[in-house]
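Structure first, then comments.
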Amino acid sequence: MSPLAAPDVEDIVELTAAPLEPWEVVVWNDPVNLMSYVVRVFRTYFGYSLERATQLMRAVHHEGHAIVATGPRETMEVHAQAMHDYGLWATVRKAAR
Amino acid sequence: MTENVVHVRMARVEGAQLAQLVDDFRELVGSDRDATDPAIGRLAPDPYPDDEDASRSFRDATREDLLDRRALDADVVRAGLAELRGDLDSMSQVEAFMEHDLAIRQSDVDAWLRTLTALRLVIAERLGIENDDDHDSDDARFGVYDWLGYRLELTIEAADEIL
């Protein structure tokens, strides 16, 4: 089917039958990673402000972990992989309801 | 338009030592890599600690590419350090401690930061560093680990200036 063709009604029904469940990326505390580095990664990769990135870094450091992104599972896996590229310890899990 | 550059100053002896470490790292993540090495596990952590099936399919789909990217990052750093290589034994002390200015292109900065971080992760794995207070100042390898952290901090500071 052409990607430009209008979806038929059945597709729409299926989509409503299986609502998108939110997932999240969690970054965990690791003694190896420098605070300035974690802040920089959150700023440059997610585009977070310095304030937000610092707040998340503090949560990782003091509470042991922080939820850094929420959304569809596939997207969260892409983000987790990017965090692994930067050497951060990230996991993916279903968001709490 | 000319690309922004991050300047890092480093003694020849530091550059030569870093080049050696990056060479070793390049071998670790190279084509003959040992998937069972715990250091590889540290570089590519498990995304689903409670779901072995999901973790396995994630690993199967992504791990090789991730390690290939670490090798490419390491090559960027090796190229950047080329002028500082040399046989330390045949260098005079003045030569060894002479500071060099390394100009890292902005587009290469992340490869540098990721590589310095990856080197620390591998050393941390070898030394069993799992908590903030795991530290033994009598072990020379901790000296290398701390020095890499200092180098990384300076590079981040310089890189953040043009963020």
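Ordered by the number of other Cβ atoms lying within 10 Å of each residue's own Cβ, fewest first, B:Phe97, A:Phe42, B:Phe142 fall into the sequence B:Phe97, B:Phe142, A:Phe42.
Net charge dipole, the protein assembly as shown: roughly 520 debye, given to the nearest 20, about the Cα centre with Cβ charges of +1 for Lys and Arg and -1 for Asp and Glu. Per-residue mean of foreign Cβ neighbours for B:112-123 is 4 (Cβ atoms of other chains, 10 Å radius). Taking packing as the residue-averaged number of other Cβ atoms within 10 angstrom, the listed peptides A:45-53, B:9-17, B:23-31, B:116-124 run from highest to lowest as B:116-124, B:9-17, B:23-31, A:45-53. Counting Cβ atoms of other protein chains within 10 Å of each residue's Cβ and taking the mean over peptide B:149-159 gives 2.
Taking region B:117-163, how much of its Cα-Cα pair set, in percent, is spaced more than 15 angstrom apart? Intermediate results must be reported in sequence, preceding the final value.
Details: 511 of 1081 pairs.
Considering region B:117-163, 47 percent of its Cα-Cα pairs are separated by more than 15 Å.
Taking 7 Å steps out from each Cα toward its Cβ at B:Ser137 and B:Leu88 produces label points 2.2 nm apart. Under 10 °C and 1.306 mPa s, how fast does the protein assembly as shown diffuse according to Stokes-Einstein, given a Kirkwood radius computed over C-alpha pairs? Answer in µm²/s, whole number. For the chosen part, D equals 78 µm²/s. When B:Leu67, B:Leu43 are sorted by how many other C-beta atoms sit within 10 angstrom of their C-beta, beginning with the fewest, the order is B:Leu67, B:Leu43.
Computed from the alpha carbon positions, the gyration tensor of region B:47-126 leads to an equivalent ellipsoid with semi-axes of 36, 15, 10 Å, biggest first. The residues B:Tyr145, B:Tyr48, B:Tyr150, when put in order of fewest to most other Cβ atoms within 10 Å, stand as B:Tyr150, B:Tyr48, B:Tyr145. The three principal axes of the C-alpha atoms in region B:1-139 carry coordinate ranges of 56, 49, 29 Å, sorted with the longest axis first. For chain B, the 222 nm mean residue ellipticity estimated from helices alone, with every DSSP H stretch of n ≥ 4 adding -39500 (n - 2.57) and the total spread over all residues, rounds to -20500 deg cm²/dmol. Cα convex hull, region A:20-94: 75 Å³ per residue, rounded to a whole number.
Every number here is computed from the coordinates shown, using simple stated rules; none is lab data. In this text the structure is predicted, and so the values were computed from the model without any measurement. For neighbour counting, all protein chains shown are included, and Cβ atoms are generated from backbone atoms with ideal geometry for every residue, glycine included.
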